[in-house]
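The values are calculated or read from the model by the stated rules, or taken from the named source; none is laboratory data. No experiment lies behind these values; they were computed from the predicted model shown. Counting neighbours? That spans all protein chains shown, and the Cβs are built from the backbone with ideal geometry, glycine included. Keep in mind that these areas ignore ligands, DNA and RNA; they rest on the heavy atoms of the full protein, side chains included. Shrake-Rupley method; radii C 1.70, N 1.55, O 1.52, S 1.80 Å.
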Amino acid sequence: MPMVLMAQATKPEQLQQLQTAYPDWTFKDAAAVTAADYDQIEVMYGNHPLLKTILARPTNQLKFVQVISAGVDYLPLKALQAAGVVVANTSGIHADAISESVLAAMLSVVRGYHAAWLNQHGARQWALPMTTSTLTGQQLLIYGTGQIGQSLAAKASALGMHVIGVNTTGHPANHFHETVAFTATADVLATANFIVNALPLTPTTHHLFSTELFQQTKQQPMLINIGRGPAVDTAALMTALNQHQLSMAALDVTEPEPLPADHPLWQRDDVLITPHISGQIAHFRATVFPIFAANFAQFVKDGTLVRNQVDLNRGY
């Protein structure tokens, strides 16, 4: 009997829905799976260290993996591709939460809340200047024009920002005032007030935010990373802050991650660090499960997926 490894926790009613609809399948959570089950697992819902073990078995039957994140850089993509496994992510469900987190970071700076907190927390009696401005009229440069980028662009546009997107070809995207290609960013980097990384991690985007990129900034922009930590060269970031090429950085992801307790980034007043929480949403299981349920139904029918299939060549 084919098996689904339920690495992602489900509500009892969700599991019952699957068991009723697919009586010819077995559904086991990770704690219940034994080595004898490995070659029966055809589907994995969620990510688990057993994935690499299963893929390494010459008799494995794995055909479909549904992860619960947007990024898939942590998966053994080449091994999955070689084994003919189809993969789906949950891109899109985090878009509103992440875009609101970016807005919170920007607003905390322009409206003086970050400086106020530092003064209050350090009993500085307003040692830091309380200069304030607004987001209206400022330029937001978003690397990545997918669902997260578009959600942020829509919200930022509503606040009066001029929003420019960066993607592979400069093709248009919803809610952006303009878009440019990765190879044509010099002018927009020079005029940006805020720069956001919303890109997946691929060999192309690894350390994209480098010394060379930061040297092209002219307005001392704030850098916000809600993509993946290794997209930003941490040493180059610290140099850019020291040399005032950047005014601030807000990092929901870091390299390394988690950031060691003695890392100098923790000691900087010009850095905001959150523990990879920008995409957290309420009712997570209720939001993720319908994506898996729809994909699983189609997979059982004909081996294809209906939502969020990942291009394993591109890595997103």
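Restricting attention to the stretch 181-202, which residues are closer than 17 Å to His162 by Cα, open to solvent by 10 Å² or more (accessible area, probe 1.4 Å) and either in contact with a His (Cβ under 8 Å, 6 or more places away or on another chain) or among the polar types (S, T, N, Q) (or both)?
Selection gives Thr185, Thr191, Asn193.
Any chance the stretch 252-271 includes a residue that's modelled with pLDDT of 95 or more, closer than 28 Å to Ala184 by Cβ and not aliphatic (A, V, I, L, M)?
For the stretch 252-271, residues modelled with pLDDT of 95 or more, closer than 28 Å to Ala184 by Cβ and not aliphatic (A, V, I, L, M): present.
Would you mention how many residues in the stretch 204-242 are open to solvent by 50 Å² or more (accessible area, probe 1.4 Å) and touching a residue at least 24 places away in the same chain (Cβ under 8 Å)?
Of the residues in the stretch 204-242, 9 are open to solvent by 50 Å² or more (accessible area, probe 1.4 Å) and touching a residue at least 24 places away in the same chain (Cβ under 8 Å).
Look through the stretch 262-289, keep the residues that are polar (S, T, N, Q) and within 23 Å of Leu241 (Cα to Cα), and return whichever of them is least open to solvent (accessible area, probe 1.4 Å).
Among those that are polar (S, T, N, Q) and within 23 Å of Leu241 (Cα to Cα), it is Ser278.
Taking interchain pairs and intrachain pairs at least six residues apart, which have beta carbon atoms under 7 angstrom, with the first residue in the stretch 90-111 and within 17 Å of Gly227 (Cβ to Cβ) and the second acidic (Asp, Glu) and not in a helix (DSSP H, G or I)?
Between residues of the stretch 90-111 that are within 17 Å of Gly227 (Cβ to Cβ) and residues that are acidic (Asp, Glu) and not in a helix (DSSP H, G or I), the close pairs are Ser101/Asp252.
Taking Leu246, is it modelled with pLDDT of 95 or more, open to solvent by less than 50 Å² (accessible area, probe 1.4 Å) and assigned to a helix (DSSP H, G or I)?
No: the conditions fail for Leu246.
When the stretch 106-132 is examined, which residues are found to be in contact with a helix residue (DSSP H, G or I) (Cβ under 7 Å, 6 or more places away or on another chain) and at pLDDT 95 or above?
Once the filter is applied, which keeps residues that are in contact with a helix residue (DSSP H, G or I) (Cβ under 7 Å, 6 or more places away or on another chain) and at pLDDT 95 or above, the stretch 106-132 yields only Ser108.
So, in the stretch 152-180, how many residues would count as being open to solvent by less than 20 Å² (accessible area, probe 1.4 Å) and closer than 15 Å to Asp96 by Cβ?
Count: 3.
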